[in-house]
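Data block below; observations after.
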């Protein structure tokens, strides 16, 4: 097991990482961006070790992927055994039990006790795109409604569904049609503030769908229960249940994009569980398989089964090695109560970030749930002017001091915290100490 402590053996990035980054620049397409150019050689728990022997505290989990921790023993054992047996047949050619077992597990775990079906894919974008395919077939309607600040992927259709232009959409159009965007219930930036958002957002959103799209034309409303790349925006209590009721009343399918929020990240198995919301379709990926590439679409049996035979699938979707990893990862989540662990980590993060907000007016908002927390940085707390430059400076300071951090948000001014659920509390506190040191330095 990699020792769980921060080590600064060289400057960051060190000489070996800089050599490897030179090779990267010569071999890898320039469009593949890198946030912190250290080249990792080992990872476990809450630590990543780089090619220079530096050990960095990981507050990103590969964007919410390694929730059970790199090198999770159950995952390692399951993957090793499956590789020994076979690595691929394509489920559509000759099926295998691990794919079926993952679908059974997802059908049992996702919200609602109705009969369900699942299909497996490679990435969150694939899962979202297939959710739209299924919704259109099942309803016979063309339109898809998404939200401001949303992020759903990098395929042509999911770029159309994603809100932010740079870097995700710029220059890549034209995009798929029949995608319509409505306001997001964003309490911190809602006109009139959080109380007005709680009172008005559902009416504003449903009126926009009714008048600009037409409920009778709408196949699905697709929403992240807590937005990810858009800034960890948490809608006010009651918004998601109200949206689910409206969809049900008008025959519109509610699709919960749980790609980033799923698998214990927010303190429940799924973020929808917090308010008892039962979507018609749920997309999952990221944390599902302990770092192996896997995604899924799970939904009501009658909706999923509306698609003709052969209409869903893909050569690598539900790869047996990834399925073995997913079964082991989900076992770890249940046996180690990682949902409870996420709530404990969220308490630490929330307390430490709230303290920063009291000390520094530039911390305009602290929000999130479980081990999915964020702080939004502003240049003026009264005008709430986003301060992307400050966020970048604080992130650089964290990197130089040996902590892996991620920024996000439509305006690039939000820090998101996604530590592995396996991280030690002492490491998390140390990382937050580094964050405060970096924030203070950036403001000095």
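The values are calculated or read from the model by the stated rules, or taken from the named source; none is laboratory data. Everything numeric in this text was worked out from a predicted model, so none of it was measured. As a convention, Cβ positions derive from the backbone with ideal geometry for all residues, glycine included, and neighbour counts pool all protein chains shown.
Data overview
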read-out: Test: residue in the range 362-385 that is farther than 17 Å from residue 36 by Cβ, surrounded by 21 or more Cβ atoms within 10 Å (Cβ to Cβ) and out of contact with any helix residue (DSSP H, G or I) (no Cβ under 9 Å at 6 or more places or on another chain); value: no
read-out: Only listed residue being assigned to a loop (DSSP other than H, G, I, E, B) and at pLDDT 95 or above, chosen from 317, 350; value: 317
read-out: Which numbered condition residue 102 misses (of (1) in the same structural domain as residue 284 (by TED's automatic domain parsing); (2) in a loop (DSSP other than H, G, I, E, B); (3) touching a helix residue (DSSP H, G or I) at 6+ places or on another chain (Cβ under 6 Å)); value: (2)
read-out: Flag if residue 95 is surrounded by fewer than 24 Cβ atoms within 10 Å (Cβ to Cβ), modelled with pLDDT of 95 or more and either touching a helix residue (DSSP H, G or I) at 6+ places or on another chain (Cβ under 9 Å) or not assigned by TED's automatic domain parsing to the domain that holds residue 243 (or both); value: no
read-out: Some residue of the range 133-155 being under 16 Å from residue 286 (Cα atoms), buried (at least 19 other Cβ atoms within 10 Å of the Cβ) and touching a strand residue (DSSP E or B) at 6+ places or on another chain (Cβ under 8 Å); value: yes
read-out: Only one of 365, 382 that is over 24 Å from residue 269 (Cβ atoms), outside any helix (DSSP H, G or I) and without any contact (Cβ under 8 Å) to a residue 40 or more places away in the chain; value: 382
read-out: Which numbered condition residue 334 fails, given (1) touching a strand residue (DSSP E or B) at 6+ places or on another chain (Cβ under 9 Å); (2) surrounded by fewer than 22 Cβ atoms within 10 Å (Cβ to Cβ); value: (1)
read-out: Verdict on residue 110 being touching a residue at least 24 places away in the same chain (Cβ under 8 Å), crowded, with 22+ Cβ neighbours inside 10 Å and not assigned by TED's automatic domain parsing to the domain that holds residue 230; value: no
read-out: Qualifying position, being surrounded by 14 or more Cβ atoms within 10 Å (Cβ to Cβ), within 21 Å of residue 395 (Cβ to Cβ), touching a residue at least 40 places away in the same chain (Cβ under 8 Å) and touching a strand residue (DSSP E or B) at 6+ places or on another chain (Cβ under 6 Å), among 2, 8, 59; value: 59
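Listed here are the residues, each with its yes/no results for (1) under 18 Å from residue 231 (Cα atoms); (2) outside the structural domain of residue 40 (by TED's automatic domain parsing); (3) under 21 Å from the mean Cα position of the chain (by Cα).
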site: 369; (1), (2), (3): yes, no, yes
site: 377; (1), (2), (3): yes, no, yes
site: 391; (1), (2), (3): yes, no, yes
site: 394; (1), (2), (3): yes, no, no
site: 398; (1), (2), (3): no, no, no
site: 428; (1), (2), (3): no, no, yes
site: 437; (1), (2), (3): no, no, no
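Let's see how each residue does on (1) without any contact (Cβ under 8 Å) to a residue 60 or more places away in the chain; (2) closer than 24 Å to residue 32 by Cβ:
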residue: 173; (1), (2): yes, yes
residue: 194; (1), (2): yes, no
residue: 218; (1), (2): no, no
residue: 238; (1), (2): yes, no
